[in-house]
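Each value in this text was obtained by applying a stated rule to the coordinates, not by laboratory testing. Everything quoted here is computed from the prediction, not taken from an experiment. A quick note on method: Cβ atoms are made from the backbone with ideal geometry, for glycine too, and the neighbour counts reach across all protein chains shown.
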Amino acid sequence: MTKLDNGGRAHFGAALLVLWLGVAVAGCNSLLEVDNPNNVVAEDILRPSAGSAVANGALYEVQSGYTYTLMVYGTATDEMTWVGSRDNFQTLDFGYVDDPLNEFSDEAFKDIAPARWMADEAIRILELHYAGDSIVAESELAEAYLWGAIVYTVIADVFDDFTFSDKRVASPPIGEANMGALYDDAIAYLDAALALDITTELERNILAMRARAKHARGVWNMIGTRPISTGPISASAAAAAAADAQAALNLDGSDWVFEFEYISTGTGADIHSNVNSRLEMRFGDRYIIPEPAGKRRDLTATDHGIALQDPIDAVGDPRLDVMMTAFESGITLGDLTILSAREMHLILAEDALVNGGDFQTHINAARAWGGLSDWTPASGVTQQDMLIYERQVNLYLQMRRMSDLYRFGIQSDNWQAASPAVTAPGTFWPITKAELDANCYLNPDWPADVPCGG
């Protein structure tokens, strides 16, 4: 079952996917009365007793889609550097993110699309149970809303266009101009979740996710159209995100994180496997000192192989060391941070930057938890540069960096001059080959005598 422990981790076992598919066949009188699992019908998952399994099935798919999408995204930013043998990772590393034929972008689309469908389906089913005053717990419905909000936000963060097909029923692309509205959909899910009777911890996570979605919406408003705007988000967007960030911190002022935990009995962590085991990519050159072979971080080097220097203390940032050490220890499994108290403080710091307020307190909260000296106006580092740096460190490998590179006018060292990441800032991933081939609205060779859509 899904549970959120005191650290805020989402735990999930592979058996839950089976439960999602076959929960209702457990009505037999004896263990010997086993029906063929292939006889499970759609009506089974509509039963109220399937509530937990439905929510957990959505979590499984969202976790699976998240790790693969993050791997593709991180490779295209300066956060990771391609060092392996698979050339399409190199293509991403060089900033060519607009190729619909790239096999890894294509796989990310194929992973995140069913995650979106499963999250929406879980919400639909659980809403039916809840409206019928069934035994479905409000927390289960709230969690389903949270998984839906996460996947909608990821899609809007990563793709320039998307399709919302329903299983084998194709839908047309929503269009690049409408991608920002996916953040609004995520926020609506979170609004609904907050109206339910839930635990303080779940409320904290939902408020934090709403702050994150509102902030991302503000970022999209700057870079989702051409030409892009650069700098911090607008005053109104910053204030809206900051209100939720402060509310989350009011519920829990500790250095908390909400993580997806990838364990041996659940979905695998593609990004951990490709960095730690396959050695297809490693942490980026801006962040680490590589060992002589160039495949890993050099743990014997100065500052434990951390190259990124803190602008105040002039040391390899210890927060990166902590994060990377945990990542490396997982080999093919591990944790991925989705939300954190540090991000809430950074949202509040950006609000203070654009609207006036206590920038210093919020930026230093994230620094104090890493044991670093306070930033002050006399430090010689501007507020905006300090914000950029703290986001770079505290949001490392959390699918925020590409947008920050674009909106602050920064380029990855690996981007080639002719790449769309350089020539057309704000470019993200297109609808990819698998969908282009299978979707009748996108395939120009679709047979005229084959019906299209539902």
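With R₀ fixed at 56 Å, the C-beta to C-beta distance from CYS440 to GLN360 puts the FRET efficiency at about 0.50. Size descriptors for segment 114-234, from the alpha-carbon set: Rg then Dmax equal 15.5, 51 Å. Only aspartates and glutamates eight or more places from LYS295 in sequence, or on another chain, were considered; those with a Cα closer than 12 Å are GLU280, ASP285.
The equivalent ellipsoid of the chain has semi-axes of 35, 26, 23 Å, largest first, where each one is the square root of 5 times an eigenvalue of the Cα gyration tensor. If R0 equals 25 Å, the separation of the Cβ atoms of THR382 and VAL422 corresponds to a calculated FRET efficiency of about 0.50. Short to long, the 5 Å bins of the Cα pair-distance histogram for segment 159-224 hold 4, 16, 21, 18, 15, 13, 10, 3 percent of all pairs. Extent of segment 140-180 along its three principal axes (Cα atoms, max minus min coordinate, largest first): 31, 25, 13 Å. Cross-link partners for LYS214 among the aspartates and glutamates, with Cα-Cα distance under 14 Å and sequence neighbours closer than 8 places in the same chain left out: ASP157, ASP184, ASP185, ASP191, ASP244, GLU343, GLU350, ASP351.
For the chain, relative contact order (Cα pairs under 8 Å, six or more residues apart, normalised by length) works out to 21 percent. For LYS110, the aspartates and glutamates whose Cα comes closer than 13 Å to its Cα, not counting residues fewer than 8 places off in the same chain, are GLU61, GLU435, ASP437.
Between ASP197 and SER254, the FRET efficiency from the beta-carbon distance, with R0 = 25 Å, is close to 0.60. In plain terms, the chain from PHE408 to TRP369 could stretch by 11.5 nm, reckoned as 0.36 nm per residue minus the Cα-Cα distance. By other beta-carbon atoms within 10 Å, ranking ILE187, ILE347 with the fewest at the front produces ILE187, ILE347.
Among MET222, MET71, sorting on how many other beta-carbon atoms sit within 10 Å of each Cβ, with the fewest leading, yields MET222, MET71.
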